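The values are calculated or read from the model by the stated rules, or taken from the named source; none is laboratory data. Source: prediction; values computed, not measured. When we count neighbours, we look across all protein chains shown, and the Cβ atoms used for this are built from the backbone with ideal geometry, even at glycine. Accessible surface is based on the protein model in full, side chains and every heavy atom, while ligands, DNA and RNA are left aside. Shrake-Rupley method; radii C 1.70, N 1.55, O 1.52, S 1.80 Å.
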Amino acid sequence: VLARERSRVLSQSLRIGREVIEQEARALEALAQGLGESFEEAVRRLANARGRVLVSGIGKSGSIAQKVSGTLASTGTPALFLHPVDALHGDLGVVGEGDVLLALSKSGHTEELIRFLRHFQRVGGDIISVCEDRLSPVAQLSDVVLEIPALGEAGPLSLAPTTSSVLQLAVADALAMSLLDARGFTAEQFARLHPEGVLGRRLLVRCEDLLHEGDELPMVREDQKVADLLVEM
């Protein structure tokens, strides 16, 4: 009986797992098909920014925003994550008039983010938002709105941020890669920003960085034994 119950639970878990991924995949396809002029305008404003790109969000959107700021920074676009609440309590001082704000919010009704956007308008530059509701307060405060499909969250309860988080991350990745191309960012530049990564080592490390020289060079005379050679090495 226990074995049958375990098998049933595992089978149901596999079904749910596949359904979640399939639902998110369909949402990504809808997102790709829906990209248009607003996406091009967002890329143009980000590429022409006189300052940095500040990325902000609350909750799961904030977690996605932190990843997005890292992706932008590592691909040639100076970026920084700024928490809306911290910004309202002093961190607004990091904002310059040439900075562009990329604001992530599923609903577009997050109070802390809305208050932050109003203050950002006084001291910063353009605001680009990613949300589901083009008529929401966050969207109304934005210069460019990237609307993600409102297709519901994946999973049995359809409550936890799943599909919406994937869509936010995808549209932000699309922005980052489009900016990378617009800036003519190269593999060599990427390596310089990732000196300890595999690509960075492959492109930056030279023979002279690894080669032993002088007294450190392992050498033996022709008449010495292999055992001596191994010890010297």
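Of all the numbered requirements in (1) touching a helix residue (DSSP H, G or I) at 6+ places or on another chain (Cβ under 6 Å); (2) within 26 Å of ALA73 (Cβ to Cβ); (3) in a loop (DSSP other than H, G, I, E, B), ALA154 misses one, and that requirement is (2). Residue pairs whose Cβ atoms lie under 7 Å apart, separated by 6 or more positions or on different chains, with the first residue in the stretch 144-167 and among the hydrophobic types (A, V, I, L, M, F, W, C) and the second open to solvent by 60 Å² or more (accessible area, probe 1.4 Å) and at pLDDT below 95, are VAL145/ARG134. Being hydroxyl-bearing (Ser, Thr, Tyr), open to solvent by less than 80 Å² (accessible area, probe 1.4 Å) and part of a helix (DSSP H, G or I) is the requirement here; does THR71 meet it? Yes; evaluated as a whole, the condition is true for this residue.
Going residue by residue through the stretch 130-147, is there one that turns out to be in contact with a helix residue (DSSP H, G or I) (Cβ under 8 Å, 6 or more places away or on another chain), farther than 16 Å from ALA30 by Cα and at pLDDT below 95? The answer is no, given that none of the residues of the stretch 130-147 is in contact with a helix residue (DSSP H, G or I) (Cβ under 8 Å, 6 or more places away or on another chain), farther than 16 Å from ALA30 by Cα and at pLDDT below 95.
Residue-by-condition table, conditions (1) of a type in the set (A, V, I, L, M, F, W, C); (2) buried (at least 16 other Cβ atoms within 10 Å of the Cβ); (3) outside any helix (DSSP H, G or I):
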| position | (1), (2), (3) |
| --- | --- |
| SER13 | no, no, no |
| ARG18 | no, no, no |
| ALA25 | yes, no, no |
| PHE39 | yes, yes, no |
| VAL43 | yes, yes, no |
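Any chance you could count how many residues in the stretch 97-114 are loosely packed, with under 14 Cβ neighbours inside 10 Å and over 25 Å from GLY152 (Cβ atoms)? Total meeting the criteria: 2.
Restricting attention to the stretch 55-68, which residues are among the polar types (S, T, N, Q) and either open to solvent by 40 Å² or more (accessible area, probe 1.4 Å) or more than 17 Å from PHE116 (Cα to Cα) (or both)?
Listed by number, the residues that qualify are SER63, GLN66.
Screening SER105 with (1) within 23 Å of PRO149 (Cα to Cα); (2) modelled with pLDDT under 95 gives one miss only, at (2). For first residues located in the stretch 28-42 and within 13 Å of VAL130 (Cβ to Cβ), partners that are in a helix (DSSP H, G or I) and lie 6+ apart or on another chain with Cβ distances below 7 Å form the pairs LEU31/LEU167; LEU31/ALA170; LEU31/VAL171; ALA42/LEU175. Only one of the listed residues (VAL145, VAL138) is outside any loop (DSSP other than H, G, I, E, B) and in contact with a His (Cβ under 8 Å, 6 or more places away or on another chain). That residue is VAL138. Scan the stretch 1-11 and give yes if some residue there is in a loop (DSSP other than H, G, I, E, B), at pLDDT below 95 and of a type in the set (A, V, I, L, M, F, W, C), otherwise no. Scanning the stretch 1-11, I find at least one residue that is in a loop (DSSP other than H, G, I, E, B), at pLDDT below 95 and of a type in the set (A, V, I, L, M, F, W, C), so the answer is yes.
From the list LEU175, LEU117, LEU141, LEU135, the lone residue that is surrounded by fewer than 18 Cβ atoms within 10 Å (Cβ to Cβ) and aliphatic (A, V, I, L, M) is LEU135.
Of all the numbered requirements in (1) assigned to a helix (DSSP H, G or I); (2) of a type outside the set (D, E, K, R); (3) in contact with an Asp or Glu (Cβ under 7 Å, 6 or more places away or on another chain), GLY51 misses one, and that requirement is (1).
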